[in-house]
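Here the structure comes first, spelled out in structure tokens, and everything after it is commentary.
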Amino acid sequence: MLTLFLRAVFLDLFVLLILRLTGKRQVSDLQPYDLLMTLIIADLASTAIADTDIPLLYSVVPILALYLVQQLIAKLCLKSSAMRRIICGTPQILILDGVLQEKIMRRTNYTVRDLLDNLRSKDIFDVGEVAYAILETNGSLSVLEKAAFQQPNKQELDLPPGSAALSHLLILEGKIQRSGLETLHLSRADVERMLKEHGLALKTVFFAQMNGDGDLHVQLDRSHQSRVYSFSAA
């Protein structure tokens, strides 16, 4: 009994250390691959705790190996957007301007009932009020309401409804993101020209996104103190 107790304490502390090293996140925030690794680690630890005939190293070594592989993949995802798409996938638009995207919903196995349930959990009971509903790579649903229905309600304030503008990623770590360019109908030359007009260089930009109204948000890299700029591209 004492051996079981000590093995359980040791493996509990060891798994806690490994999970802390991977980053403190809730289960709902984990990517599918990260969740799978967490479940495998838990299974390896529980097996060694329950069976004293299994040497502790038979659990410790595989858990360490899984941790190292997970860290390697995380680093590759940070360095390569293509690798991130392969491992994590890409966000999918399920509702666009109040219209259900049937083809995408079929591809992602996302039913209408699931979508309506998630909208109601966000206090949205009418699909027509939604400008964008996006299925994130971790399975959560992000919703942007149409401007007229955003709080405070612009209709109640007697203000023009305006537009609900979704922001698109243009630059990440000094690299142009083609998907953002195509969505906003821009070219690489257009982006470089906008940056040059404000005295900025592409290689110094850590993150930049533009919404449908042409408002550009730019953050420089750490060597430039992560300075932030916001300006209109019009």
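FYI, it's all coordinate maths here, none of it is from the lab. Remember, it's a predicted structure, so these values are computed and weren't measured experimentally.
With 10 Å bins beginning at zero, the pair-distance distribution over Cα atoms of the range 92-149 amounts to 25, 63, 12, 0 %.
Ignoring everything except DSSP H segments at least 4 long, calculate the 222 nm mean residue ellipticity for the chain; use -39,500 (n - 2.57) per segment, divide by total residues, nearest 500.
On the way: 8 runs with 104 residues, N = 234.
Dividing the helical sum by the residues of the chain leaves -14000 deg cm²/dmol.
From the alpha carbon centroid of the range 190-234 to that of the range 46-91 is 36 Å.
Evaluate the range 81-234: find the radius of gyration of its Cα atoms, find its Kirkwood radius, and give the ratio Rg to Rh. Could the numbers behind the result be given before it?
Values: Rg = 17.7 Å, Rh = 17.4 Å.
Checking Rg against Rh, the ratio lands at 1.02.
If you count Lys pairs in the chain whose Cα atoms are under 23 Å apart, skipping same-chain pairs closer than 8 places in sequence, the total is 12. Shown here: the range 6-106, whose C-alpha atoms stretch 59, 27, 21 Å along the first, second and third principal axes, sorted largest to smallest. Helices that extend 15 Å or more along their long axis by alpha-carbon positions and average at least 1.0 on the Kyte-Doolittle scale are, among the DSSP H runs of the chain, 2-22, 32-50, 57-79.
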